[in-house]
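J.: Supplied in structure tokens, the structure appears directly below.
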Amino acid sequence: MELLSKYVEFKNGKKRPDTKGLIPVYGGNGILDYTNVSNMDNGVVIGRVGAYCGSVFLVKDECWVSDNAIKAICYDNIDLSYLYYLLLSLHLNERRIGTSQPLLTQNILNNIEVDVPALHIQKKISSILGSFDEKIQLNNEINKNLADLVQTLYKEQFSDICSADNTGMLSDLCSYSKDKISVSKLNFNTYYSTENMLPNKAGIAEATNLPKTQQTTFCREGDTLISNIRPYFKKILYCDKECGCSSDVLCFTPTHPRYAAYLFNTLYADNFFAFMIAGSKGTKMPRGDKQQIMTYPLIIPSNEELERFNAIAFPALKQIHSNRAETKKLSALRDTLLPKLMSGELDVSDIDL
């Protein structure tokens, strides 16, 4: 066993610059912003402080690492991708100090003992695990392209509200779900809160806990969920199954199932989020105004228009959720293999890659 400091140089990040550009700025929870300068080129970013202390991100390009994170720079004796998976396997969040403000320090990281194999074995291990992440990334890119495609179609058909013959408000096509479901019928895969809904329309992650109340809001297949806290994060989800959501999430139920895809794309549009943000209340933690939200102006599509739109939108939504299901299975298999490969329980020396 050797100290991690033999393989890696750790440095704290710096306050993020005010300038804008194309270079990603990383904090403890991933990309925060974009700038035009960098302070790291190829490395691993580690969350240093707060709720995301110990989170790990692989960066194979230049970036700026903020003061909420730590830079991990490889020496010549360790493969970059292997280092990323090694750090994941170490469960760094469990090594933090402090309670009210969790903290991970360079000293803690430097003194972790690790058993690192020869460089050629490292590359084999990172190649095996990387193949899962490459497929996951491909699924994510396909889903984004599908969502953008349907949104483009939506804008082409339904964005010119001024010249439309039949207009109305959001309340004409949906209502907020008032039904309840017993929490005992939910699990980590069927409960959604603002904590496990991902920003920038990226979907959801598995919940880490369930509410302590006996009941919560019931959502049906075809409903759309939007986090009502800090709407500028643009957290949105199309329900592909019955589920439950917290009181901080708005559940929009279409007046008829045929409007489900149209409703989702109406709410998915940046124009809607801008409208929601403009009407939100509060400064530190703004919330959408439920009454104002329902006044959002929109086009009421004819049956023919809706049929043409649904012919593309519903299959696209189905494929997006199929890809997400596959991604979940791939992630689970990768996470099962990770400790076995890192510990040497699975011997890869005879595998030809």
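No value in this document is a laboratory result; all are computed from the given coordinates. Remember, predicted model here, so these are calculated numbers, not experimental data. We place every Cβ from the backbone using ideal geometry, glycine too, and count neighbours over all the protein chains shown.
J.: Give the aspartates and glutamates reachable from residue 60 as a straight Cα distance under 19 Å; neighbours fewer than 8 places away on the same chain don't count.
T.: 9, 33, 41, 76, 79, 133, 134, 141
J.: What's the extension gain from residue 97 to residue 176 if we count 0.36 nm per residue and subtract their Cα-Cα distance?
T.: On the way: separation 79, 0.36 × 79 = 28.44 nm, distance 4.25 nm.
24.2 nm is the gain from fully extending residue 97 to residue 176.
J.: Between residue 284 and residue 127, what FRET efficiency comes out of the Förster formula 1/(1 + (r/R0)^6) with R0 = 51 Å and r the beta carbon distance, rounded to 0.05?
T.: Numbers: r = 46 Å, r/R0 = 0.90.
Between residue 127 and residue 284 the formula returns 0.65.
J.: Pull out the extension gain between residue 67 and residue 215, defined as 0.36 nm times the separation in residues minus the alpha carbon to alpha carbon distance; nm, one decimal.
T.: Gain in length upon complete extension: 49.2 nm.
J.: Give the longest segment of the chain that steers clear of trypsin sites (Lys or Arg not before Pro) in DSSP loops with at most 15 neighbouring Cβ atoms within 10 Å, not counting the sites themselves.
T.: The reported range is 21-177.
J.: Additional query: Rounded to a whole number, what is D in µm²/s for the range 208-353 from Stokes-Einstein with the Kirkwood radius over alpha-carbon pairs (4 °C, 1.567 mPa s)?
T.: Once the numbers are plugged in, D ends up at 71 µm²/s.
J.: May I have the extent of the alpha carbons of the range 167-243 along their three principal axes, as whole Å values ordered from largest to smallest?
T.: Extents along the principal axes: 42, 26, 21 Å.
J.: Relative contact order for the chain: what is it in percent, counting Cα pairs under 8 Å that are at least 6 residues apart?
T.: 15 percent.
J.: I want the local charge near residue 124. Using Cβ-Cβ distances under 14 Å, sum +1 for each Lys or Arg and -1 for each Asp or Glu among the other residues.
T.: Overall, the nearby charge balance is -2.
J.: Further question on the same structure: Loop sites only, by DSSP: take the chymotrypsin sites (Phe, Trp or Tyr not before Pro) in the chain that have at most 16 other C-beta atoms within 10 Å and name the longest stretch containing none of them.
T.: It runs 189-353.
J.: Let me ask something else. Assuming R0 = 41 Å, what is the FRET efficiency of residue 156 and residue 206, from their Cβ-Cβ distance, to the nearest 0.05?
T.: Once rounded, the FRET efficiency stands at 0.70.
J.: For the chain, compute Rh as the Kirkwood radius over C-alpha pairs and then the Stokes-Einstein diffusion coefficient at 37 °C and 0.692 mPa s; write the answer in µm²/s, rounded to an integer. Could the numbers behind the result be given before it?
T.: On the way: Rh = 22.6 Å.
Once the numbers are plugged in, D ends up at 145 µm²/s.
J.: Beyond a 20 Å Cα-Cα separation, which of these cross-linked pairs lie in this structure: 71/340; 235/284; 178/241?
T.: Pairs exceeding the cut-off: 71/340.
J.: In debye to the nearest 20, how big a dipole does the range 200-306 give about its Cα centre with +1 on each Lys and Arg Cβ and -1 on each Asp and Glu Cβ? Working shown, then result.
T.: On the way: 12 positive and 10 negative charges, 109 e Å.
That gives a dipole near 520 debye.
J.: In whole Å, what is the distance between the alpha-carbon centres of the range 149-219 and the range 298-347?
T.: Using only Cα atoms, the two centres lie 17 Å from each other.
J.: In debye, nearest 20: dipole of the chain around its Cα centre with unit charges on the Cβ of K, R (+) and D, E (-)?
T.: 1080
J.: Are there any helices in the chain, counted as whole DSSP H runs, that stretch 15 Å or more along their axis by Cα and score at least 1.0 on average by Kyte-Doolittle, and if so which? Before the final figure, lay out the partial values.
T.: Numbers: long enough: 119-158 (56 Å, -0.40); 303-343 (60 Å, -0.46).
Taking the DSSP H segments of the chain (at least 15 Å long, mean hydropathy at least 1.0), we get none.
J.: In percent, what relative contact order does the range 220-353 have, based on Cα pairs under 8 Å that are 6 or more apart in sequence? Please report the intermediate quantities before stating the final value.
T.: Numbers: 127 pairs, mean separation 27.5, N = 134.
Over the range 220-353, the number comes to 21 percent.
J.: In addition: Suppose only helical runs count, i.e. DSSP H with n ≥ 4. What mean residue ellipticity at 222 nm does that imply for the chain under -39500 (n - 2.57) per run, divided by all residues and rounded to the nearest 500 deg cm²/dmol? All intermediate terms of the calculation are to be shown ahead of the outcome.
T.: Details: 7 runs with 118 residues, N = 353.
Value at 222 nm, helices only, nearest 500: -11000 deg cm²/dmol.
J.: Could you grab the relative contact order for the range 1-144? Cα pairs under 8 Å, six or more apart, rounded to a whole percent.
T.: Over the range 1-144, the number comes to 27 percent.
J.: Under 17 Å from the Cα of residue 212, which lysines turn up, not counting those fewer than eight places away in the same chain?
T.: Result set, ordered by chain and number: 180, 185.
J.: While we're here: Please work out the ratio of the alpha-carbon Rg of the range 108-208 to 2.2 N^0.38 Å and round it to two decimals.
T.: Normalised Rg, Cα atoms only: 1.80.
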